[in-house]
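None of the figures in this text is laboratory data; all of them are computed from the coordinates on show. Fair warning: this is a prediction, and the values are worked out from it, not measured in the lab. Positions of Cβ are backbone-derived with ideal geometry, glycine not excepted, and every protein chain shown enters the neighbour counts.
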Amino acid sequence: MWKQLANQWALVTGASTGLGAEFARQLASRGMHFVLVARRRELMEALAAELLTQHGTRCIVIVSDLSEPDEPQRILNEIAAQGIVIELLVNNAGFGIVGEADATDVDRVLNMIRLNISATAELTHRLLPGMLERGHGAILNVSSLSAFQPVAYMGAYAASKAFVLHFSEALHCELKERGITVTAVCPGVTRTAFFDIAGAPGWLQKHAALDVDFVVKQSLKALARRRQCYVPGWRNFLLTLLVRFATRSRVVKESMRFFKPKRPPKSP
Ligand SMILES: NC(=O)c1ccc[n+]([C@@H]2O[C@H](COP(=O)([O-])OP(=O)(O)OC[C@H]3O[C@@H](n4cnc5c(N)ncnc54)[C@H](OP(=O)(O)O)[C@@H]3O)[C@@H](O)[C@H]2O)c1
C-alpha cells in the first residue's frame, strides 16, 4: 500500500493537532502530500513548514469549520480547482461532549453530529466515485472505543462514533473487491486535548491513556493490512469483546460511573 500512496495526496481533517497532525507526520515520512483541514490556520501552517523541511512534503492548508453544512463541498471544490487527486482520505476531525443531557447545549450537540457524522459521510461519498473510477484509493475513518456501546453522559458522541464505525465497516465490505480500502480505527483514551474540549478536564491525569504516535502507527499498519476495523491497544480490544458478553442494560449502566457529574452535597 505505501508504494501506491507515495507521492500521492491525502486529505486529513482535524490536522491542526492531536491524532490528525500525527497522521500527517507519519504519512509524510512515507512520501505523501497533504490537504490539511481544520479551523486553526497557524497550527496547520507550522505543521506544513515542519513537513516541508523534514520530508519535502507539499501541503495545502484549508481553514474550515466542517460542522458548517456547505464546507465539505467547498473544500472539495478548492482541491479540484488545484488539480489535486485525493488518494487517501483521513476523516479524523471530531470532538466529544461530556455532561448530563439536559445541561448540554443543543447547538453544540448538533455541531458535533454535523462534524462527526455528516462531514465524514459527505467527504467519503463525494470522493468515492473518483477513487472507484481510478480503481484505487483508501479511506481511514477515526471512530472510537465508545462506538461499541452506549455511553451514559456521552450519549450523542458515542452514538456518532457508532455511525462512523458501522458506516465504515459496511463500506469496507462493499468496496474491498473494487480496489478501495476502508478502515475504521477505534482509539480508546489517547493523550490529546480531546477530554479537555469534551468537558472532562483532568481525565488524562486519572486514567490510563495511549500516546498519539503509538495509536497512529498501529492504525496505519491496520490500514496497510486492509483491516475492516482496528482497536489500538490490547486492553481496549478486550473491552470490545467484553461488552458482547454482558446484557445491553448492564453495559450502559456500567458506563455511568465514568462520566456521572459529581453533585454538590445537599445542604441540611
Ligand atoms: N483522544 C481520544 O481519547 C480519542 C478517543 C477516541 C476517538 N478519538 C477521536 O479522534 C479524533 C481526533 O481527536 P483528537 O483526540 O486528536 O482530539 P484533538 O486534539 O482535540 O483534535 C481534534 C481535531 O479536530 C479538529 N476539529 C474540531 N472541530 C472541528 C471543526 N468544527 N471543523 C474542522 N476541524 C475541527 C481540531 O482542529 P481545530 O480546533 O483547529 O478546528 C483538531 O485538529 C476525533 O474524531 C475524536 O473523536 C479521540
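List of remarks:
- Criterion applied to Asn91, Asn116, Asn111 was being within 24 Å of Ala28 (Cα to Cα) and within 14 Å of the ligand (Cβ to nearest atom), and the one residue passing it is Asn91.
- Some residue of segment 152-168 being in a helix (DSSP H, G or I), closer than 19 Å to Val251 by Cα and polar (S, T, N, Q): yes
- Test: residue in segment 202-214 that is closer than 19 Å to Met112 by Cα and in contact with a helix residue (DSSP H, G or I) (Cβ under 6 Å, 6 or more places away or on another chain): no
- Taken over segment 61-80, the criterion of being within 15 Å of the ligand (Cβ to nearest atom), of a type in the set (A, V, I, L, M, F, W, C) and either in contact with a Leu (Cβ under 9 Å, 6 or more places away or on another chain) or over 15 Å from Val12 (Cβ atoms) (or both) is satisfied by Val61, Ile62, Leu66, Ile75, Leu76.
- Per-region count, segment 198-216, residues in a helix (DSSP H, G or I) and charged (D, E, K, R): 2
- One residue stands out in segment 92-117 among those that are of a type in the set (Val, Ile, Thr) and within 14 Å of the chain's Cα centre (by Cα): the one that is surrounded by the fewest Cβ atoms within 10 Å (Cβ to Cβ), namely Ile113.
- Options Thr181, Thr124, Thr120: the member that is surrounded by fewer than 21 Cβ atoms within 10 Å (Cβ to Cβ), touching a residue at least 40 places away in the same chain (Cβ under 8 Å), within 27 Å of Gln8 (Cα to Cα) and among the β-branched types (Val, Ile, Thr): Thr124
- Of all the residues in segment 1-20, those that are over 10 Å from the mean Cα position of the chain (by Cα), within 16 Å of the ligand (Cβ to nearest atom) and either surrounded by fewer than 17 Cβ atoms within 10 Å (Cβ to Cβ) or among the polar types (S, T, N, Q) (or both) number 2.
- Any hit, segment 181-199, residues being touching a strand residue (DSSP E or B) at 6+ places or on another chain (Cβ under 9 Å), farther than 15 Å from Ser144 by Cα and more than 13 Å from the ligand (Cβ to nearest atom): yes
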